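So that we are looking at the same thing, I have put the structure below in structure tokens.
The values are calculated or read from the model by the stated rules, or taken from the named source; none is laboratory data. This one's a predicted model, so the numbers in the text were calculated from it and none came from an experiment. With ideal geometry, Cβ positions are generated from the backbone for all residues, glycine too; neighbour counts draw on all protein chains shown.
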């Protein structure tokens, strides 16, 4: 079996969705680090700034990772289709 063409939009949707979940995990980790750093500080405004950074990272990272994953996979699948047209695609053995 030879994969001669992939659907760029379908690949990009799948990878973009997966990257949203990766971004959610990374945003959660960054949020915990921001909150811990804010509460360890001596200043009175640090917990408020840490809370904004924490909540912002849970929103920002999934959007960033999802968009970048979608765009890079869309370009990668498009390039794969061009190169596979010249060299014949990827051979796969399935049972």
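Just to be sure I understand, how many residues within region 51-61 are modelled with pLDDT under 85 and exposed (fewer than 14 other Cβ atoms within 10 Å of the Cβ)?
1
Just checking, which of 22, 6 is within 30 Å of residue 91 (Cβ to Cβ) and not in a helix (DSSP H, G or I)?
When all the criteria are applied, what remains is 6.
Now for a separate question. Looking only at region 27-45, which residues are surrounded by fewer than 17 Cβ atoms within 10 Å (Cβ to Cβ) and either touching a residue at least 24 places away in the same chain (Cβ under 8 Å) or not in a helix (DSSP H, G or I) (or both)?
Selection gives 28, 40, 41, 42, 43, 44, 45.
Quick one: which residue in 79, 64, 48, 24 is exposed (fewer than 14 other Cβ atoms within 10 Å of the Cβ) and at pLDDT 80 or above? So that I can check it myself, show each step before the final result.
Details: 64 fails: exposed (fewer than 14 other Cβ atoms within 10 Å of the Cβ); 48 fails: at pLDDT 80 or above; 24 fails: exposed (fewer than 14 other Cβ atoms within 10 Å of the Cβ).
Exactly one residue qualifies, and that residue is 79.
Further question on the same structure: Which one of these is over 20 Å from the mean Cα position of the chain (by Cα) and under 16 Å from residue 11 (Cβ atoms): 50, 89, 66?
Details: 50 fails: under 16 Å from residue 11 (Cβ atoms); 66 fails: over 20 Å from the mean Cα position of the chain (by Cα).
Going through 50, 89, 66 in turn, the sole match is 89.
Here's a follow-up. If I go through region 28-46 residue by residue, how many of them are out of contact with any helix residue (DSSP H, G or I) (no Cβ under 7 Å at 6 or more places or on another chain) and over 21 Å from residue 65 (Cα atoms)?
7
Now, a different point. Of the residues 59, 49, which is touching a helix residue (DSSP H, G or I) at 6+ places or on another chain (Cβ under 8 Å), without any contact (Cβ under 8 Å) to a residue 12 or more places away in the chain, in a helix (DSSP H, G or I) and farther than 30 Å from residue 95 by Cβ? Step through it out loud before you land on a result.
Numbers: 59 fails: without any contact (Cβ under 8 Å) to a residue 12 or more places away in the chain.
Going through 59, 49 in turn, the sole match is 49.
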